[in-house]
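Heads up, the thing below is written out as structure tokens.
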Amino acid sequence: VFEFADQYRGSYSDSLGSVVCPFYCSYSGYNDELLWGASWLHRASQNASYMTYIQSNGHTLGADEDDYSFSWDDKRVGTKVLLSKGFLQDRIEELQLYKVHTDNYICSLIPGTSSFQAQYTPGGLLYKGSASNLQYVTSTAFLLLTYANYLNSSGGHASCGTTTVTAKNLISLAKKQVDYILGQNPAKMSYMVGFGERYPQHVHHRGSSLPSVHVHPNSIPCNAGFQYLYSSSPNPNILVGAILGGPDNRDSFSDDRNNYQQS
């Protein structure tokens, strides 16, 4: 599969644009996926050919670019964190570049460093985008904890100019984000559905907002579903474990099913 992807390069939305755009276009292109795929295949197989591929193609696939967001569309930061493990734990000198870029990313998140450029809400939530912001918060927290593990196992740290950032610092920042999501925030609301005493009741989710087959045994045509989308009633089916888009940049949240950016 990897050989096929490398030989026939292109983004899926090049041919499926009319169906997947504008919501799921491949805005970042396919280069990051090739580097991401090669990195994981090397991790899983220890096949040297994938490391050779990374070293030969990394510079054209995004290794030289700093990036500050990790998402379904852009894997570059995640790739660099993953490859930094090879330098920190296995001392593969050719991968030091990825550790440098990972430090740059980490430093951008830490208030007080010379490279700090992230935005936080007054309540302390990382804010990357107006639509489904918590997807970025959760993935960032994951990278912080992953990199902290790599640093702990190697006795290393992140260098932010003259400031040294330790694994403990990264864990603390990740914990603040998780605590915020689970209810330690100005609204005193958990943004994980079903967790805590207070959580959103109007989740933008078809299966959660439609009545169950036990309550409504007859089929519901597609267009008939809109009455449930616009209903002010709470979702009849609690979508336990789902994390919503979350509050805006001022910590405000609208528990409105039709406000899909937040709900």
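Quick one: count up the residues across the stretch 160-181 that are open to solvent by 50 Å² or more (accessible area, probe 1.4 Å), of a type in the set (Gly, Ala, Ser) and under 22 Å from the mean Cα position of the chain (by Cα).
Total meeting the criteria: 1.
Okay, residues lined up against (1) touching a strand residue (DSSP E or B) at 6+ places or on another chain (Cβ under 9 Å); (2) under 21 Å from Val203 (Cα atoms):
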| residue | (1), (2) |
| --- | --- |
| Leu143 | no, no |
| Gly155 | no, no |
| Leu170 | yes, no |
| Gly183 | yes, yes |
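Among (1) open to solvent by less than 50 Å² (accessible area, probe 1.4 Å); (2) part of a loop (DSSP other than H, G, I, E, B); (3) free of Cβ contacts under 8 Å to residues at least 60 places away in the same chain, where does Ser263 come up short?
The number of the failed condition is (3).
Just the residues that are out of contact with any Leu (no Cβ under 9 Å at 6 or more places or on another chain) and either free of Cβ contacts under 8 Å to residues at least 24 places away in the same chain or surrounded by fewer than 16 Cβ atoms within 10 Å (Cβ to Cβ) (or both), please, taken from the stretch 112-122.
Gly112, Ser114, Pro122
Determine which member of the set Ser190, Ser130, Ser154 is more than 20 Å from Trp72 (Cβ to Cβ), of a type in the set (Ser, Thr, Tyr), out of contact with any Lys or Arg (no Cβ under 6 Å at 6 or more places or on another chain) and touching a residue at least 24 places away in the same chain (Cβ under 8 Å).
On the way: Ser190 fails: touching a residue at least 24 places away in the same chain (Cβ under 8 Å); Ser130 fails: more than 20 Å from Trp72 (Cβ to Cβ).
Being more than 20 Å from Trp72 (Cβ to Cβ), of a type in the set (Ser, Thr, Tyr), out of contact with any Lys or Arg (no Cβ under 6 Å at 6 or more places or on another chain) and touching a residue at least 24 places away in the same chain (Cβ under 8 Å) holds for just one of Ser190, Ser130, Ser154, which is Ser154.
Among residues belonging to the stretch 67-109 that are open to solvent by 40 Å² or more (accessible area, probe 1.4 Å) and among the β-branched types (Val, Ile, Thr), point out the one that is modelled with the lowest pLDDT.
Of everything passing the filter in the stretch 67-109, Ile92 is modelled with the lowest pLDDT.
Residues are listed down the side, and each one gets a yes or a no for (1) farther than 17 Å from Leu134 by Cα; (2) outside any loop (DSSP other than H, G, I, E, B):
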| position | (1), (2) |
| --- | --- |
| Gln184 | no, no |
| Glu197 | yes, no |
| Gly207 | yes, yes |
| Val213 | yes, no |
| Ala224 | yes, yes |
| Val240 | no, no |
| Asp248 | no, no |
| Ser252 | no, no |
| Asp256 | no, no |
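The values are calculated or read from the model by the stated rules, or taken from the named source; none is laboratory data. None of the values given here were measured: they were computed from a predicted structure. Cβ coordinates were reconstructed from backbone atoms using ideal geometry, including for glycine residues, and neighbour counts include every protein chain displayed. Ligands, DNA and RNA are excluded from the accessible area calculation, which covers all protein heavy atoms including side chains. Shrake-Rupley method; radii C 1.70, N 1.55, O 1.52, S 1.80 Å.
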